[in-house]
Amino acid sequence: MGWTHCIIWFLYVSVCECWPLPDSEPLMHGEVQSPQYPQPYPTNLLEQRDLSVPEGYQIRLTFTHMDIEASAGCYYDALTVLYDGKVLGRFCGQENSADGHHPGNQPILSPGNRLTLIFQTDSNNPERHQNVGFSAQYQAIDMDECSAPAPVDGSGPLCDQICLNTLGSYLCSCHHGYELRSDQRTCVLSCGGGIFDEPEGHLFSPGYPNSPPHAVSCQYIISVESGFTVSLNFSDNFHIESVGTQQGPNCLHHWLQVTVQDREPMKLCGAKSPGLIETNSNTVKLDYHTDDEGLSNGWSLDYSTQRVQCPIPAKVVKGRVTPILTEYFYRDYIFVRCDQGYKLMMDGQEIESFSTMCQGDGQWHLPLPECHIIDCGEPESLLNGGVTFLSGSQNQYRSAVQYHCNEPFYSLLGGVNVSFTCEADRKWRSNHDAVISPICLPVCGKPTAVISSYERIIGGNDAPANTIPWQVLLSVDGGRGGGMVIADHWVLTAAHVVANNNGTPASKDVIRIYMGINEIQTLNVLPISAASVHVHPGYNNINNVNYNNDIALIKLEDPITFTSSVMPLCLPAEEDTYLTGTMGLVSGFGVTETAEKRRVLTNKLKYLQVPVVEQGICSTSINAFRRTRPGVPNLTNNMFCAGVPEGGKDSCQGDSGGPYALYDNGRFWAAGIVSWGVDCGKKGTYGIYTKVTNYMDWIKTTMEEN
């Protein structure tokens with residue numbers, strides 16, 4: 001490396017000229033050598049080399065080779081190393097030479113970041129062309145300013161209190177309770193302290209454990225997150241000047257005051273440590289005061305934080321609180337669940353779920369709810385029946401009810417007593433797996449009053465009240481006919497009562513239906529309206545000689561509620577048969593015979609009992625009349641006969657469409673419909689009835705589809 005500043009040539013020049021190098025950052029390391037190294041250096045030479053490294057560093061110069069003419073005191077040729085004009089060393093000779101001064105292996109360390117090297121030779125060199133000069137490496141070394149001795153000028157140490165060595169420099173700092181002055185060296189007492197917001201920390205008074213040099217007035221504020229409380233734990237080494245009294249130390253001139261919101265401040269002094277203080281607050285202010293007199297060595301403390309604690313939740317009747325803990329702290333959650341059959345209620349409103357959190361103020365953010373027993377609402381009403389509570393009340397959980405029908409007019413489907421219980425899902429559930437909802441079916445063919453004897457209609461007895469409750473009186477466009485109730489919406493009658501001869505049904509508007517009456521003259525009930533009329537499609541009686549399929553259904557506008565006076569007649573069951581000689585009950589408001597042997601329409605419901613006639617006998621009777629009287633209808637398999645051969649007991653005009661009921665298995669069933677006959681009640685004649693069993697499929701289909 002060449003010389004960087006200036007070269008002085010005493011032999012050839014009289015002026016030293018120097019060329020400054022361009023401005024650049026000082027190097028951290030480098031190499032320096034004598035001119036022409038490793039060739040012998042020239043004579044009459046005076047050279048200067050200035051080395052520098054960045055501020056805050058020292059220069060360490062290490063010689064790797066030195067061969068300079070040796071002389072006592074390096075008088076002739078020499079390399080001089082200087083720092084700010086102060087000679088650090090003057091070197092010549094070779095390693096292990098007898099005279100001269102060789103640096104050996106020891107590096108040269110500059111006090112600062114600069115070094116000056118001056119290499120000087122004379123004109124006399126007996127070993128000319130033999131001494132090659134020197135070669136050295138230099139390196140920037142971090143200076144430990146903090147370990148340097150105090151300046152001799154009496155300006156004081158480098159740092160007043162704490163010196164922190166840094167790479168290439170240093171920093172001054174101060175003890176707690178002091179702050180750095182603007183000169184960045186000296187410290188001044190200051191204990192504002194600021195705000196301590198970490199969850200734990202350490203505080204002590206200025207100068208602790210020694211007394212500060214003068215009066216102090218310090219304030220420290222510990223303020224942590226809401227939901228935590230601060231605990232102060234003072235060390236045993238506690239000393240604040242006090243005046244002793246019988247009541248204890250009196251803090252007259254020196255004190256440490258602890259202030260917590262909403263509480264009286266607490267002054268501390270004396271020689272006894274307060275130990276642990278639970279503030280139960282997230283903010284604490286400490287004010288430390290001393291005057292210029294007296295002596296207080298001060299105090300130190302560690303502070304810590306704990307989560308705020310909430311009270312143990314109360315028990316919830318018919319419910320449970322989870323989780324169950326011995327203590328609950330800030331941000332802990334609890335949940336409330338009700339026992340089975342109970343619901344969560346808050347402020348009069350039902351809630352789906354409930355949880356509450358422990359707040360920073362030590363209170364739960366919501367009050368606990370209540371558990372109220374659930375209710376299933378009113379049990380489903382039962383048409384033609386009712387419900388009775390077996391246990392419980394107000395439709396509450398586990399309440400049990402039993403359904404019943406309005407007997408003796410209705411009975412439960414299946415004949416089983418069905419009870420329902422209010423379950424946790426708020427539904428009434430049956431004790432019978434097969435029953436989803438109870439149904440009351442009409443009781444058919446079982447009148448509440450019984451006829452003690454049977455007489456004939458022609459000349460027969462009046463029917464006592466409620467003995468034939470299925471009887472219907474029809475008024476069709478002024479004409480009179482009969483019918484029978486078979487369901488709450490349906491009346492069964494003869495087709496010729498409600499249709500013309502070609503089977504076209506009468507308008508529903510001309511049909512009046514009366515039920516539950518025994519006498520027309522005292523008729524005080526409103527007629528029931530028909531919704532529709534359904535005539536068997538096979539009925540065609542153009543010339544009044546074909547009563548085959550003489551059957552029709554009338555659908556009612558509104559359903560009937562059955563009572564003692566109005567009850568349905570049972571439809572035939574599969575096992576029901578027409579046994580010859582079986583007595584059947586026929587009834588109606590048709591023609592009857594007076595004592596004077598006159599036939600008139602009766603105003604009272606009449607009844608009589610006539611037996612089923614063997615079909616062959618009936619057919620013979622009809623055929624006999626057909627030979628002597630034209631226009632007598634045919635007897636078909638859809639008809640059967642009933643009556644007595646001697647005559648006098650028969651249905652007649654006005655009874656058409658009315659019921660012929662057989663009694664079996666404790667109930668009356670609709671065996672026939674009054675259809676036609678030859679001369680009412682005449683000897684050798686019988687009443688002809690539509691055989692209902694032949695039409696069960698049509699009856700059921702018509703009712704289901706309409």
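The values are calculated or read from the model by the stated rules, or taken from the named source; none is laboratory data. Quick caveat, the model's predicted, so the values are computed rather than measured. Backbone-built Cβ (ideal geometry, glycine too); neighbour counts: all protein chains shown.
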Identity of the residue in the range 87-105, assigned to a strand (DSSP E or B) and of a type outside the set (Phe, Trp, Tyr), that ends up surrounded by the fewest Cβ atoms within 10 Å (Cβ to Cβ): Val87
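I want to confirm something. Restricting to the range 106-157 and keeping residues that are out of contact with any strand residue (DSSP E or B) (no Cβ under 7 Å at 6 or more places or on another chain) and either within 14 Å of Gly89 (Cα to Cα) or surrounded by 18 or more Cβ atoms within 10 Å (Cβ to Cβ) (or both), which single residue is modelled with the lowest pLDDT? First the steps, then the outcome.
First, the residues of the range 106-157 that are out of contact with any strand residue (DSSP E or B) (no Cβ under 7 Å at 6 or more places or on another chain): 106, 121-130, 147-157.
Narrowing further to those that are either within 14 Å of Gly89 (Cα to Cα) or surrounded by 18 or more Cβ atoms within 10 Å (Cβ to Cβ) (or both): 106, 121, 125.
On the way: Gln106: 85, Thr121: 92, Asn125: 62.
Selected residue: Asn125.
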Index of the failed condition, His534 passing every other in (1) assigned to a strand (DSSP E or B); (2) surrounded by fewer than 18 Cβ atoms within 10 Å (Cβ to Cβ): (2)
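Here's the yes/no breakdown for (1) touching a residue at least 60 places away in the same chain (Cβ under 8 Å); (2) in contact with a His (Cβ under 6 Å, 6 or more places away or on another chain); (3) closer than 30 Å to Phe329 by Cβ:
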{"position": "Ser205", "(1), (2), (3)": "yes, no, no"}
{"position": "Tyr220", "(1), (2), (3)": "yes, no, yes"}
{"position": "Ser223", "(1), (2), (3)": "yes, no, yes"}
{"position": "Asn237", "(1), (2), (3)": "yes, no, no"}
{"position": "His254", "(1), (2), (3)": "no, no, no"}
{"position": "Lys272", "(1), (2), (3)": "no, no, no"}
{"position": "Gly275", "(1), (2), (3)": "no, no, yes"}
{"position": "Asn282", "(1), (2), (3)": "yes, no, yes"}
{"position": "Ser296", "(1), (2), (3)": "yes, yes, no"}
Any strands (runs of 3 or more DSSP E) falling wholly within the range 453-524 and containing at least 3 residues that are modelled with pLDDT of 95 or more and under 24 Å from Gly538 (Cβ atoms): 479-487, 490-493
The listed residue being outside the structural domain of Ser205 (by TED's automatic domain parsing), within 27 Å of Trp364 (Cβ to Cβ) and among the charged types (D, E, K, R), out of Arg263, Arg331: Arg331
The listed residue being at pLDDT 90 or above, over 20 Å from Val132 (Cα atoms) and either surrounded by 15 or more Cβ atoms within 10 Å (Cβ to Cβ) or not β-branched (Val, Ile, Thr) (or both), out of Leu46, Leu11, Leu51: Leu51
Filtered residues of the range 552-577 (kept if in contact with a Gly (Cβ under 9 Å, 6 or more places away or on another chain) and closer than 18 Å to Val692 by Cβ): Ala552, Ile554, Met567, Pro568, Leu569, Cys570
Hits in the range 560-593 - residues which are touching an Asp or Glu at 6+ places or on another chain (Cβ under 6 Å) and farther than 23 Å from Arg480 by Cα: Thr580
Any pair with Cβ under 9 angstrom, 6 or more apart, that starts in the range 671-698 at a residue that is assigned by TED's automatic domain parsing to the domain that holds Asp550 and without any contact (Cβ under 8 Å) to a residue 12 or more places away in the chain and ends at one that is buried (at least 24 other Cβ atoms within 10 Å of the Cβ) and outside any strand (DSSP E or B): Asp679/Asp650
Qualifying residue in the range 349-356 (condition: surrounded by 17 or more Cβ atoms within 10 Å (Cβ to Cβ) and either at pLDDT below 95 or touching a Phe, Trp or Tyr at 6+ places or on another chain (Cβ under 8 Å) (or both)): yes
Strands (runs of 3 or more DSSP E) within the range 651-706 that include 2 or more residues out of contact with any Ser or Thr (no Cβ under 6 Å at 6 or more places or on another chain) and crowded, with 21+ Cβ neighbours inside 10 Å: 659-664, 667-677
Selection from the range 257-277 of residues that are outside any loop (DSSP other than H, G, I, E, B) and of a type outside the set (Val, Ile, Thr): Gln257, Met266, Lys267, Leu268, Gly270, Leu276
Candidate set from the range 205-227 (those that are surrounded by 19 or more Cβ atoms within 10 Å (Cβ to Cβ), of a type outside the set (Gly, Ala, Ser) and under 20 Å from Cys187 (Cβ atoms)); member that is modelled with the highest pLDDT: Tyr220
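Which of the following residues is under 25 Å from Trp470 (Cβ atoms), surrounded by fewer than 16 Cβ atoms within 10 Å (Cβ to Cβ) and at pLDDT 85 or above: Leu585, Leu608, Leu601, Leu579? Outline the logic, then answer.
Numbers: Leu585 fails: surrounded by fewer than 16 Cβ atoms within 10 Å (Cβ to Cβ); Leu608 fails: surrounded by fewer than 16 Cβ atoms within 10 Å (Cβ to Cβ); Leu601 fails: at pLDDT 85 or above.
None of the other options fit; the residue is Leu579.
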Cross-chain or 6+ apart pairs with Cβ under 9 Å, the range 618-640 first and closer than 14 Å to Asn546 by Cα and touching a residue at least 60 places away in the same chain (Cβ under 8 Å), then β-branched (Val, Ile, Thr) and assigned to a helix (DSSP H, G or I): Val632/Ile622; Pro633/Ile622; Asn634/Ile622
